[in-house]
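The values are calculated or read from the model by the stated rules, or taken from the named source; none is laboratory data. Because the structure is a prediction, the values reported are computed rather than measured. Note that each Cβ is placed from the backbone with ideal geometry, even for glycine, and that neighbours are counted across all protein chains shown. These area figures cover heavy atoms from the full protein model, side chains too; ligands, DNA and RNA do not enter into them. Shrake-Rupley method; radii C 1.70, N 1.55, O 1.52, S 1.80 Å.
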Amino acid sequence: MRRIASVIVDVPTLQTNRPFDYIIPVDLIEHIEVGMRVVVPFGNRHIQGFIVDFKEQSDVKNLKEIIEPMDVTPVLNKELLHLGDFLSEKTLCFKIAAYQVMLPPALKAKYDKYLTLVQQEKSNELPDGLKKLFFYQNRVNWKDAEKFAPTSYLYRKAREGLFEVIYEVKSQGNKKKVLYYVPTTENVTEFQTKKDQLPKPLSPKQEEIYQFFVNEFKPHTVKQVEEQISNARAPLNALVDRGLLKKEEYEQYRDPYVNREFERTQPLPLTDDQQKAISPILQAIEENQDGVFLLNGVTGSGKTEVYLQSIQEVLNKGKEAIVLVPEISLTPQMVNRFKSRFGDLVAVLHSGLSLGEKYDEWRKIQRKEVKVVVGARSAIFAPFENLGIIIIDEEHENSYKQEDVPRYHARDVAIERSKIHNCPVVLGSATPSLESFARAQKGVYHLLTMDKRMNQVNLPTVEIVDMREELKSGNRSMFSEQLFEKMQDRIAKKEQIVLMLNRRGYSAFVMCRDCGLVVKCPNCDISLTYHKVTDQLKCHYCGFETITPKVCPECNSNHIRYFGTGTQKVEEELGKVLPEARVIRMDVDTTSRKGSHEKLLAAFGEGKADILLGTQMIAKGLDFPNITLVGVLSADSSLHIPDFRSSEKTFQLLTQVSGRAGRHKLPGEVVIQTYTPEHYSVQFAKNHDYLQFYQYEMMMRKRGQYPPFYYLTLIHINHENVQYVYSVAEKIASFLRSQLSPTTHILGPAASPIVKIKNKYRYQVLIKYKQDPNLPTALKKIIHHFHRDQIKHGLTISVDMDPYSLM
Ligand SMILES: Nc1ncnc2c1ncn2[C@@H]1O[C@H](COP(=O)(O)OP(=O)(O)OP(=O)(O)O)[C@@H](O)[C@H]1O
Ligand SMILES: [Zn+2]
Ligand SMILES: [Zn+2]
């Protein structure tokens with residue numbers, strides 16, 4: 001008899017990072033399963049927790065009882081619970097944080113629980129009160145339902161499939177409601193009586209609609225009525241006035257792609273290159289072999305088709321697939337390729353969806369209504385139970401690493417899941433991360449190469465322009481002569497242009513020309529970003545906002561103005577020098593509204609603009625046949641970020657954006673403007689030479705003792721008092737020196753590149769090591785030791801076992 005449940009409670013502290021035992025109430029014993037969430041008493045509160053195990057007995061006396069289950073079916077299956085342990089080991093996070101990150105955010109927010117009646121035909125079996133509730137609504141609040149039926153009855157029937165339990169996030173934010181016209185009586189007979197008792201007869205049109213409701217006695221929308229009766233709105237409202245109908249709003253099932261039609265595509269005959277690349281993948285699928293394939297295919301080599309046909313094989317075997325793409329390239333273009341091939345079998349998860357939409361997509365996965373998930377990082381936790389492949393497109397992207405707790409990398413989770421499911425992982429990129437390529441070179445990953453573009457199309461020719469020379473020869477514009485001439489040429493030929501402003505770690509700021517003051521955030525050590533539309537200055541770390549000062553706060557000069565070649569400024573300049581060009585601008589400002597990203601790209605795809613101007617968000621994934629020119633306005637700004645990966649990032653960005661040109665029949669050209677033309681990132685990008693870049697960069701990494709030669713761990717220590725931060729950081733560093741191997745390097749403590757965020761000073765200790773078995777224990781000891789100070793004094797110590805941002 002399972003009498004006792006072990007529960008991980010939702011209190012993220014060191015003391016609670018272990019299961020607590022609770023008694024299962026007798027009437028719930030048959031409903032409760034491992035992986036469900038429950039409400040339990042904890043101290044004098046009621047909190048959430050996850051059941052991780054059952055026990056016959058407990059060593060603890062006076063156990064409390066579980067108050068109620070929150071789920072009808074487990075939200076975490078056995079595998080996901082295991083992944084939770086894996087995450088908590090690997091990233092040193094609390095278990096509860098690991099479980100939470102695997103669930104859609106709607107399940108973490110405050111919500112109401114509803115029931116919907118799935119088996120309509122059985123409505124007669126319902127207890128009377130409940131029957132009435134369902135008569136009027138297609139969903140009933142759980143609390144209301146409990147007034148008419150015992151809780152255990154509701155759970156039992158839900159498990160039998162009579163109801164479905166739905167969680168509705170309480171915030172009104174993004175709910176989609178639809179207006180229904182509802183009969184005001186309980187049944188048709190009363191409806192007819194009520195009509196007969198009306199003082200005046202119905203008009204012919206009203207009569208028609210009345211009959212419509214008699215025939216189908218349930219709530220209808222205007223649209224539903226108008227499928228049979230035209231111009232129904234006015235008479236419907238008249239029937240409301242006359243008391244036969246009432247208006248009610250219900251929420252709709254939200255499918256973000258519901259009104260989109262996808263033309264079905266068929267598999268393309270593969271080229272020889274694609275054939276060579278896919279066959280070991282298909283073999284691994286066939287033989288249920290885990291293993292990692294690194295698909296290194298140049299831009300436009302047809303990697304997507306390799307993914308699609310691998311997935312087809314997986315589906316043929318009755319299994320499921322996860323495809324991760326970077327958030328920013330979750331463009332409709334990418335999504336369409338999967339939807340067009342696999343139709344309704346595809347669920348899409350990205351940050352543009354509302355909480356409710358995300359939850360709906362997640363439920364489709366859980367209920368096995370879909371077989372393929374295309375999504376950003378967190379889609380790696382899709383609750384599939386029969387995975388046949390995991391694909392990570394643009395595997396070099398930093399966005400696969402989560403910067404918050406739990407600080408996991410989706411690639412690591414993918415590999416862990418592939419071992420459980422005995423399925424392959426495919427990492428695809430034209431510019432793989434150094435770490436992955438090094439593993440492939442060592443034979444840890446299986447390297448697959450596609451070094452030619454589709455249909456013998458050449459990679460675009462790349463011209464490097466030294467902007468220092470331009471300036472010397474008197475060109476003060478932001479466009480070099482070469483780029484400007486080519487832009488004129490393309491506009492005349494009605495071909496399209498992509499202009500990228502490399503803004504990594506760089507944005508418009510306000511500076512005083514007299515005293516040099518840059519306006520900074522009062523809470524954070526970072527310059528405020530200028531937003532032209534609102535004429536405001538904003539902090540990207542803490543959200544601080546202020547209007548732009550008209551005089552310098554330091555010296556009172558009125559020569560204060562905004563700097564930085566922001567996209568807005570380029571747009572203005574284009575308006576002056578190429579007034580005939582139609583420009584679409586894409587940056588954080590123009591894409592902040594839901595769906596705007598996709599609208600802008602669609603417009604560009606339809607040829608409604610000559611120039612697509614944007615930040616690095618336009619560098620990836622776009623596949624438009626008419627783009628024949630790519631211009632990069634400032635190749636170097638990403639080179640000067642204090643990060644050992646800045647050369648790699650620059651090379652990747654330049655190669656990716658170049659890859660947008662000349663992908664189909666028309667040949668492509670690229671112009672890269674730079675102040676450091678001699679830099680190897682720029683030079684190797686010019687020749688599309690990944691291999692040479694790799695070799696050179698590996699040499700640099702070896703010299704600097706950076707990954708992939710060394711592993712890194714970064715500890716951040718934050719507090720309002722700078723002396724206190726420093727002394728804690730000192731203690732941590734010297735403790736580590738006493739514990740770790742002599743071959744491990746401990747750098748710091750040092751002030752972080754961003755010294756202050758949200759009024760907290762930041763110090764860091766960086767650990768570089770090849771192998772250090774004592775490291776996890778030493779780190780855990782540090783966390784234990786400072787635990788009290790963290791809670792009491794607002795100290796924060798964060799540990800990142802694989803940092804991608806060293807700021
Ligand atoms: N076997 C094939 N036959 C004909 N066309 C193909 C084939 N495979 C792919 N294509 C087409 O080639 C183009 C480039 O393919 P795709 O976009 O997949 O490249 P990619 O390798 O993902 O490039 P990037 O890394 O730049 O995104 C697409 O328009 C695609 O439809
Ligand atoms: Zn000044
Ligand atoms: Zn700030």
Test: residue in segment 17-31 that is modelled with pLDDT under 85 and hydroxyl-bearing (Ser, Thr, Tyr): no
Odd one out for Lys78 among (1) loosely packed, with under 14 Cβ neighbours inside 10 Å; (2) more than 21 Å from Lys368 (Cα to Cα): (2)
Enumerated strands (runs of 3 or more DSSP E) restricted to segment 605-675, each holding at least 1 residues that are closer than 25 Å to Leu712 by Cβ, open to solvent by less than 10 Å² (accessible area, probe 1.4 Å) and modelled with pLDDT under 85: none
Complete set of residues in segment 300-321 that are of a type in the set (Val, Ile, Thr) and either more than 14 Å from ligand 1 (Cβ to nearest atom) or in contact with a His (Cβ under 8 Å, 6 or more places away or on another chain) (or both): Val314
Sole residue being touching a residue at least 24 places away in the same chain (Cβ under 8 Å), more than 16 Å from ligand 3 (Cβ to nearest atom) and out of contact with any strand residue (DSSP E or B) (no Cβ under 6 Å at 6 or more places or on another chain), chosen from Ala581, Ala609, Ala602, Ala635: Ala602
All positions within segment 21-33 that are open to solvent by 40 Å² or more (accessible area, probe 1.4 Å) and under 33 Å from the mean Cα position of the chain (by Cα): Glu33
Long-range neighbours under 7 Å by Cβ, at least six apart or interchain, first residue free of Cβ contacts under 8 Å to residues at least 60 places away in the same chain and closer than 23 Å to Glu357 by Cα within segment 376-392, second of a type in the set (Gly, Ala, Ser) and open to solvent by less than 10 Å² (accessible area, probe 1.4 Å): Arg377/Ala410; Ile380/Ala410; Ile380/Ala414
First in segment 34-47 and open to solvent by 40 Å² or more (accessible area, probe 1.4 Å), second anywhere and outside any strand (DSSP E or B), Cβ under 8 Å, 6 or more apart: Phe42/Val11; His46/Ile67
Tabulated pairs, segment 542-558, first farther than 19 Å from Lys756 by Cα and among the acidic types (Asp, Glu), second within 12 Å of ligand 2 (Cβ to nearest atom) and open to solvent by less than 60 Å² (accessible area, probe 1.4 Å), C-beta under 8 angstrom, 6+ apart or interchain: Glu554/Cys512; Glu554/Leu517
Entirely in segment 495-592, the strands (runs of 3 or more DSSP E) that have 2 or more residues that are modelled with pLDDT under 80 and away from ligand 1 (no atom under 16 Å from the Cβ): 509-512, 529-531, 560-563
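With the condition being under 23 Å from the mean Cα position of the chain (by Cα), I'd like the helices (runs of 4 or more DSSP H) fully within segment 383-485 carrying at least 2 qualifying residues.
The helices (runs of 4 or more DSSP H) meeting that bar are 410-421, 434-442.
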Residue satisfying all of: in segment 154-204; surrounded by fewer than 16 Cβ atoms within 10 Å (Cβ to Cβ), of a type in the set (Gly, Ala, Ser) and under 30 Å from Gln366 (Cα atoms); modelled with the highest pLDDT among these: Gly161
Candidates Leu282, Leu245 - the one that is open to solvent by less than 60 Å² (accessible area, probe 1.4 Å), more than 30 Å from the chain's Cα centre (by Cα), more than 30 Å from Leu353 (Cβ to Cβ) and at pLDDT 90 or above: Leu245
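Table: residues versus (1) small (Gly, Ala, Ser); (2) closer than 26 Å to Pro522 by Cα.
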residue: Ser727; (1), (2): yes, yes
residue: Gln739; (1), (2): no, no
residue: Ile746; (1), (2): no, no
residue: Pro749; (1), (2): no, yes
residue: Asn759; (1), (2): no, yes
residue: Arg762; (1), (2): no, yes
residue: Ile767; (1), (2): no, no
residue: Gln771; (1), (2): no, no
residue: Ile783; (1), (2): no, no
Selection status of Lys520, surrounded by fewer than 12 Cβ atoms within 10 Å (Cβ to Cβ) and either in the same structural domain as Glu572 (by TED's automatic domain parsing) or within 16 Å of ligand 3 (Cβ to nearest atom) (or both): no
Selection from segment 356-375 of residues that are within 26 Å of Ile618 (Cα to Cα) and open to solvent by 10 Å² or more (accessible area, probe 1.4 Å): Glu357, Lys358
Residue check for Leu712: part of a strand (DSSP E or B) and either within 16 Å of ligand 1 (Cβ to nearest atom) or under 30 Å from Val298 (Cβ atoms) (or both): yes
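For (1) open to solvent by less than 20 Å² (accessible area, probe 1.4 Å); (2) in contact (Cβ under 8 Å) with a residue 24 or more places away in the chain; (3) within 16 Å of ligand 3 (Cβ to nearest atom); (4) within 21 Å of Leu653 (Cα to Cα), each residue gets a yes or a no:
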site: Val425; (1), (2), (3), (4): yes, yes, no, no
site: Ala430; (1), (2), (3), (4): yes, yes, no, yes
site: Arg453; (1), (2), (3), (4): yes, yes, no, yes
site: Asp466; (1), (2), (3), (4): no, yes, no, yes
site: Leu501; (1), (2), (3), (4): yes, yes, no, yes
site: Arg513; (1), (2), (3), (4): no, yes, no, no
Test: residue in segment 743-754 that is open to solvent by 30 Å² or more (accessible area, probe 1.4 Å), touching a residue at least 12 places away in the same chain (Cβ under 8 Å) and under 30 Å from the mean Cα position of the chain (by Cα): yes
Val335 being more than 16 Å from Arg417 (Cβ to Cβ), in contact with a His (Cβ under 9 Å, 6 or more places away or on another chain) and not aromatic (Phe, Trp, Tyr): yes
Residues of segment 289-336 that turn out to be assigned to a helix (DSSP H, G or I) and farther than 18 Å from Glu361 by Cα, as a count: 17
Subset of segment 191-220 (residues that are part of a loop (DSSP other than H, G, I, E, B), under 49 Å from the mean Cα position of the chain (by Cα) and under 16 Å from Arg233 (Cβ atoms)): Pro219
